């Protein structure tokens, strides 16, 4: 099983995932497909706080630690943090997982509901099943992209969603590693490709389209073992005709690497 080349599109935890790959005797090929770009507008944040004071929300959903910290960094700079914390204290505070929980505890904010492991949107919605959101406003701390599944579910319950952008996902400035990955796939020198988010697939194929390489990319990926972190990522790959040979359950890096190891050993 040693000697395998495993491509990794993860950015933030790419080095950690690469180390897990090396421990199994494989060679990681790092090709980051996402960059976190700050998306904080001071005017929007000031208006957001004022808007909540004029019309309070029933609940606030925090999805990521980095986004939660970015929001409070912005209110710190504007001198609005205490006002915002006071507003959140009057809402049902919902967290998607341990990272936003840690960021909120650092601000001494009460947490009312926490999504269960594996901390996906489905668990957030399950945690909020008994929250009376109908006719009310729900604050949603956005991560790199709008969580369409979450917002559609809240709209279906007649809630008004107030999305707070904190950062967005974009292509890295240096796309040379992704181009090198496409070259390696074309040459057949990659054994497996690991996708840890749907946005990685969108960005990879968006870059391929700009380089007139999107026609060959699905077939080249399907010649390898494609590993997906979970069903949302798998569905995104399927949009481009790519079949995930491995899907982690639960959708986390550890189970993903373990499932990849079992598949490569076969």
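Overview of results
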item	result
Sequence of 164, 66, 193 once ranked by neighbouring C-beta atoms within 10 Å, starting from the fewest	66, 164, 193
Net length gained if the chain between residue 77 and residue 44 were fully extended (0.36 nm per residue, minus Cα distance)	10.5 nm
The chain, relative contact order [Cα under 8 Å, separation at least 6], %	20 percent
Pairwise Cα inverse-distance average, inverted: Kirkwood Rh of the range 193-264 (Å)	12.1 Å
Debye intensity ratio in log₁₀ form over the Cα atoms of the range 56-116, taken at each q of 0.20 Å⁻¹	-0.70
Angle in degrees between helix 14-23 and the longest Cα principal axis of the chain, rounded to the nearest 10	40 degrees
Cβ-derived FRET efficiency at R0 41 Å, residue 24 paired with residue 130, nearest 0.05	0.40
Helix-only [θ]222 nm of the chain, DSSP H runs n ≥ 4, -39500 (n - 2.57) each, per residue, nearest 500	-13500 deg cm²/dmol
Helix axis angle, 65-78 relative to the chain longest principal axis, alpha carbon, degrees	40 degrees
Global geometry of the range 38-169, whether rounded, prolate or oblate, following the gyration tensor of its Cα atoms and the 1.5 cut on a/c	rounded
Beta bridges by DSSP in the range 38-169, antiparallel share as percent, to the nearest 5	5 percent
Unit Cα scatterers, Debye sum, the chain: log10 I(q)/I(0) for q = 0.11, 0.12, 0.13, 0.14 Å⁻¹	-0.67, -0.78, -0.88, -0.98
Percentage of interatomic Cα-Cα distances in the range 1-86 larger than 19 Å	57 percent
Helix 176-187 axis, angle to the chain major axis (alpha carbon atoms, nearest 10°)	40 degrees
Residue exposure sequence - 240, 202 - by fewest surrounding Cβ within 10 Å	240, 202
Residues 138, 8, 111, 45, sorted so that the one with the fewest Cβ neighbours within 10 Å comes first	111, 45, 138, 8
Computed FRET value (nearest 0.05) for residue 112 with residue 249, which takes r as the C-beta separation and R₀ as 22 Å	0.20
Beta bridges per DSSP with both ends in the chain, % antiparallel, nearest 5	10 percent
Full-extension gain in nm, residue 55 to residue 187, via 0.36 nm per residue minus C-alpha separation	41.7 nm
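No value in this document is a laboratory result; all are computed from the given coordinates. Since the structure is predicted, the reported quantities are computational estimates derived from the model, not experimental observations. Positions of Cβ are backbone-derived with ideal geometry, glycine not excepted, and every protein chain shown enters the neighbour counts.
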